[in-house]
1. Does the range 82-103 hold any residues that are more than 25 Å from Val14 (Cα to Cα) and among the polar types (S, T, N, Q), and which are they?
2. When you check Arg72 against the structure, is it free of Cβ contacts under 8 Å to residues at least 60 places away in the same chain and within 17 Å of the chain's Cα centre (by Cα), yes or no?
3. Restricting the search to the range 132-175, which residues are closer than 20 Å to Asp191 by Cα and β-branched (Val, Ile, Thr)?
4. Would you list the strands (runs of 3 or more DSSP E) that sit entirely within the range 139-239 and hold 2 or more residues that are surrounded by 15 or more Cβ atoms within 10 Å (Cβ to Cβ) and more than 12 Å from the ligand (Cβ to nearest atom)?
5. The conditions are (1) out of contact with any strand residue (DSSP E or B) (no Cβ under 8 Å at 6 or more places or on another chain); (2) within 13 Å of the ligand (Cβ to nearest atom); (3) on the phi < 0 side of the Ramachandran plot, and Gly127 fails exactly one of them. Which is it?
6. Of all the strands (runs of 3 or more DSSP E) wholly in the range 14-82, which have at least 1 residues that are within 19 Å of Lys2 (Cβ to Cβ) and not hydrophobic (A, V, I, L, M, F, W, C)?
Amino acid sequence: MKREPLYEGKAKRVYATENPHEYVVEYKDDATAFNGVKRAQILGKGAVNNAITAHLFPQLEAAGIPTHFIERLSDTEQRVRAVTIVPVEVIVRNVAAGSFSKRLGVEEGTPLARPVVEYCYKSDALGDPLINRDTAVALGWASEEDLGRIRELALRVRDFLTPYFAARGIRLIDFKLEFGKTPGGQVVLADEISPDTCRFWDAATGEKLDKDRFRRDLGGVEEAYAEMLRRVTSEAEGG
Ligand code: C5P
């Protein structure tokens, strides 16, 4: 099934398979922050992120958002469509936090009057710098048309996930998405949706249940990831 590794990122490895149209993605326990300056293992993180992504992507697909996901293969592996990743990371924000709060001097937790979509250049060497859509087109990373589609899909992901998490006692503060292109030119949601790539705050207590526990040395990292898997796979409350 799995053949040679094609790409190793900070949290995942991508393998070729005997089928040229499919890859296997392996989720690792490795965690990095501040552009790789801080490194550690979060026990069980790979399995949690694989399970959460495998739970959400088919539901997004059913909601009309095309994704690269095919199936979960094991605790830490999933089968996906082979796509070329667009080197533009898309951040969607419901509430001010993180780099947005820092850059603009807006207190963390300030609700935003409308969702904000930001774009970053996917480059470990440069620390994923903020860009705009003109930059991405000018440097040939994506077409205007693809970026329009990416923004539309990112907002649809937000419209699906925000009430999904709210029904499970979680405020979705912000999240990062990546998109890929199929050989046929279709833009599809790729990568993962997990506590590594989202900010999740407990709706009742405000407790952070995401990678900020690792970034900010808050402790209880493994417990927060396990709790998010439990919430994601639980039934909606009050309904
Ligand atoms: O750090 P910042 O506030 O820009 O992060 C916004 C959101 O994007 C957070 O949920 C964070 O976990 C995610 N993110 C990510 N990968 C990056 C940068 C941010 O998953 N390289």
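1. Passing the criteria: Asn94, Ser99, Ser101.
2. On the way: free of Cβ contacts under 8 Å to residues at least 60 places away in the same chain: yes; within 17 Å of the chain's Cα centre (by Cα): yes.
So Arg72 fits the description; yes.
3. Ile150, Val157, Thr162, Ile173
4. Values: elements: 170-181, 187-190, 198-202.
Fully inside the range 139-239 and qualifying: 170-181, 187-190.
5. The failed condition is (3).
6. Details: elements: 22-27, 30-33, 38-41, 69-72, 77-81.
It comes to 22-27, 30-33, 69-72, 77-81.
Each row is one residue, and each column tells you yes or no for (1) surrounded by fewer than 19 Cβ atoms within 10 Å (Cβ to Cβ); (2) outside the structural domain of Asn132 (by TED's automatic domain parsing); (3) in contact (Cβ under 8 Å) with a residue 40 or more places away in the chain; (4) touching a Cys at 6+ places or on another chain (Cβ under 8 Å).
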residue	(1), (2), (3), (4)
Tyr7	yes, yes, no, no
Val25	no, yes, yes, no
Asp30	yes, yes, no, no
Ala33	yes, yes, yes, no
Ala62	yes, yes, no, no
Asn94	no, no, yes, no
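The values are calculated or read from the model by the stated rules, or taken from the named source; none is laboratory data. Predicted model only: the values in this text are computed from it and were never measured. Here the Cβ is made from the backbone with ideal geometry for all residues, glycine too, and neighbour counts use every protein chain on show.
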